[in-house]
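Okay, so here's the structure we're looking at.
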Amino acid sequence: MAKAGKGSKIVVWALVGGLVAGLGGFGVTNFGGSVGNVGTVGDTPIPIEAYSRALRGELDALSAQMGTAVSFADASAMGIEQRALGQVVIAATLDNEASDIGVSVGDTAVADQIFTIQAFQGSNGEFDREAYKFALDRAGLTEAEFESQLRRESARTFLQGAVTGGIQASDNYVNLLLNYIGQQRDVTYIVINSTSLPATQPMPTDEQIEAFYNENIADFTLPARKGITYVELTPAMLVDTVELDEGILEQAYEDNKDKYFTPERRLVERLVFSDTAAAEAAKARIDSGEATFEDLAAERGLELADLDLGDVAQADLDAAGEGVFAAEANSVVGPLDSNLGPALFRVNAILPEQSVTYEEAKDELREEFAIDRARRVIEQKAEELNDMLAAGATLEELASETETTLGTIEYYDGLESDIAGYEEFRTIANGLTADDFPEIHELSDGGIFAARVDGDLEPSPIPLEDVRSEVVLAWQSSEMQAQLRTRAEGLKAALEAGDMAALEAGDMAALDEVEIQTAENVGRGQMLPNTPATLNNHIFEMEEGVVDLVEGEEKVVIVRLDGVSDPDMESEEVTQMRGFLEQQAASQTAEALFQAYLEALRSDAGVQLNQAALNAVKAQFQ
């Protein structure tokens, strides 16, 4: 007889939490008929309530993850049925094996587990039979049923521990990983970019443009598309037709007066003294020219940043406000009372008050209110337009009889021009088919639209005259890359020969336009400055002494691998990494072994599922 350990207690807590918090009376009494199981593993049944509980737990977990209630249909599309069924099949598989080999947990171990579950404890922290009975009643379980479940769960935990316990990662495997992660490279490299080329690049001839276009026709071809006809109505379309009462605008101006009026403000610094006499003496030194404001701050060990109050209004300075705001710019006033004591204030600048009159603000207010009014008008029209569509009106008829505007678009996923600039339109258009009936949908700015698929369009080249400027830019980019590659190949030969003097005396005198650089101890994943993102991976695939070219956008790197260094296996960093890798590898091995064990048990015992019972459970969630 196996005893339940600490691992079993953790699983029991999860089980009880699911029963008490999640089941909520959703038990076998919800299902009609005499069907009690959704399947069997060997001789062990899979209770219908277990599958129900697993489904409810998956649905609640998904809703919590999404931050909103998820419908069963949506959750089902995300795979919760398979996950829930997998849970109960695993549990039944382990129960069947435990029964076959005689693994069980005694009454004392079950009682010990029950006594430690907080849901079953009273206010004094001790086991409370009434709390125990109440919690089980809520879950639709009897004491015998719950204790039987605890017994089975402990046996499952014992089996899992017997299979996966004591697994350790192979030293050779961990050393291989450490060497892969910790290896470093020493390299010499030269970056060739557009600064190495003439500042003015030639323009292609018409023949070159046409040839480049034809050779790269795939880059200038529209993908498969949908021909879509749509109507739209946005607030901007109605702004000029909306009538607004002048009194509303005037009241809005008064209600938001602070938005249109900024009082005078000043940039001020403050130096506080212990008493008025000290402040007066300091002010006298400034007035006589003996010291500056900066000198006084320095004598106190203060930086000007310590004294800066920023831009302030008169009310921000309390009792000192009147005196400071009576002073001129670039002057020092005081002593004046402050909330920290007597102080000298330096006024660095005066920011004059700013005001916007009603006449100046009226156009902005009108547009703001007109847009808001237009949104409300569109809200009211949306239902009317939907009714017209439901009654058989075409989009063309809607456009002729209402304020909506008719348009067409050749839409493909990724297009963001015209009405496809709205995410809401793209979402609908991506799923729209020729069989779908046009419906009114909302746009983010308060507008609405309805769309119809007229047909599917095959991929087709964009006429050269429509993309001529793009072809020219692509040709120039290609030519630049070819020039960079040619220049780099010339330097590569010198670097391969290891003759730096020859390189420096070559066609790039004194290397004015390029720089030979070296980098030592480059780790895997470490980026070298101004190099292509692929360079790091490349140098970790090179042989020592080899010179290669690595191309990026508008640059080519000539790189030579100078050395390879293995990690110091005794260093603190590698020792810490070893512990992490050993734990991770052992966990992965244990998981793989346990999955293989489960598969072998299922294969030996055989799994039978009752699809009618499964459907009956799912029907309760729909």
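Some notes on this structure:
- Matching residues, segment 59-82, being surrounded by 12 or more Cβ atoms within 10 Å (Cβ to Cβ), closer than 12 Å to Gln622 by Cβ and in contact (Cβ under 8 Å) with a residue 12 or more places away in the chain: Leu59, Phe72, Ala75, Ser76, Glu81
- Looking only at segment 573-622, and only at residues there that are among the small types (Gly, Ala, Ser) and in contact with a strand residue (DSSP E or B) (Cβ under 7 Å, 6 or more places away or on another chain), the one that is farthest from Asp95 (Cα to Cα): Ala613
- Selection of segment 434-447 for residues being crowded, with 16+ Cβ neighbours inside 10 Å and within 14 Å of Lys226 (Cβ to Cβ) yields only Pro438.
- Against the conditions (1) surrounded by fewer than 18 Cβ atoms within 10 Å (Cβ to Cβ); (2) assigned to a helix (DSSP H, G or I); (3) among the β-branched types (Val, Ile, Thr), Ile350 satisfies every one except (2).
- Every pair of residues 6+ apart whose Cβ atoms lie under 7 Å, when the first sits in segment 590-605 and is farther than 19 Å from Gly165 by Cβ while the second is of a type outside the set (Ser, Thr, Tyr) and surrounded by 12 or more Cβ atoms within 10 Å (Cβ to Cβ): Arg602/Val41; Ala605/Val41; Ala605/Gly42; Ala605/Asn96
- Hits in segment 397-412 (condition: more than 40 Å from the chain's Cα centre (by Cα) and closer than 17 Å to His441 by Cα): Leu398, Ala399, Thr402
- Yes/no for Glu383 being of a type in the set (Asp, Glu) and either assigned to a loop (DSSP other than H, G, I, E, B) or under 30 Å from Leu249 (Cβ atoms) (or both): yes
- Candidates Ser99, Ser52, Ser104, Ser34 - the one that is within 19 Å of Glu145 (Cβ to Cβ), assigned by TED's automatic domain parsing to the domain that holds Leu614, at pLDDT below 75 and not hydrophobic (A, V, I, L, M, F, W, C): Ser34
- Flag for Glu599 being at pLDDT below 90 and among the charged types (D, E, K, R): no
- Scanning segment 319-347 for residues that are loosely packed, with under 15 Cβ neighbours inside 10 Å and within 20 Å of Phe273 (Cβ to Cβ) yields Ala319, Glu322, Ser331, Asn339, Leu340, Gly341.
- Screening Val472, Val453, Val522 for residues that are outside any strand (DSSP E or B), at pLDDT 90 or above, surrounded by 11 or more Cβ atoms within 10 Å (Cβ to Cβ) and of a type in the set (Val, Ile, Thr) leaves exactly one candidate, Val472.
- Within segment 306-318, if we keep just the residues that are farther than 11 Å from Arg266 by Cα and of a type in the set (A, V, I, L, M, F, W, C), the residue that is surrounded by the fewest Cβ atoms within 10 Å (Cβ to Cβ) turns out to be Ala315.
- Segment 553-577: number of residues that are within 31 Å of the chain's Cα centre (by Cα), surrounded by 12 or more Cβ atoms within 10 Å (Cβ to Cβ) and over 30 Å from Ala493 (Cα atoms): 1
- Filter pass, Ala361 being within 18 Å of Val231 (Cα to Cα) and either surrounded by 15 or more Cβ atoms within 10 Å (Cβ to Cβ) or in contact (Cβ under 8 Å) with a residue 24 or more places away in the chain (or both): no
- The combined condition, being polar (S, T, N, Q) and assigned to a strand (DSSP E or B), is not fulfilled by Thr427.
- Residues in segment 608-621 that are among the aliphatic types (A, V, I, L, M) and touching a Gly at 6+ places or on another chain (Cβ under 7 Å): Leu609 only.
- For segment 417-433, the candidate set comprises residues that are touching a residue at least 12 places away in the same chain (Cβ under 8 Å) and in contact with a Lys or Arg (Cβ under 8 Å, 6 or more places away or on another chain); within that set, the residue that is surrounded by the fewest Cβ atoms within 10 Å (Cβ to Cβ) is Leu432.
- The combined condition, being in a loop (DSSP other than H, G, I, E, B) and aliphatic (A, V, I, L, M), is not fulfilled by Met577.
- Selection within segment 256-296 - assigned to a helix (DSSP H, G or I) and in contact with a helix residue (DSSP H, G or I) (Cβ under 6 Å, 6 or more places away or on another chain): Tyr260, Ala282, Leu296
- Of residues in segment 96-129 being β-branched (Val, Ile, Thr) and touching a Lys or Arg at 6+ places or on another chain (Cβ under 8 Å), the one surrounded by the most Cβ atoms within 10 Å (Cβ to Cβ): Val105
The values are calculated or read from the model by the stated rules, or taken from the named source; none is laboratory data. Everything numeric in this text was worked out from a predicted model, so none of it was measured. No Cβ is skipped: glycine too gets one built from the backbone with ideal geometry, and neighbour counts run over all protein chains shown.
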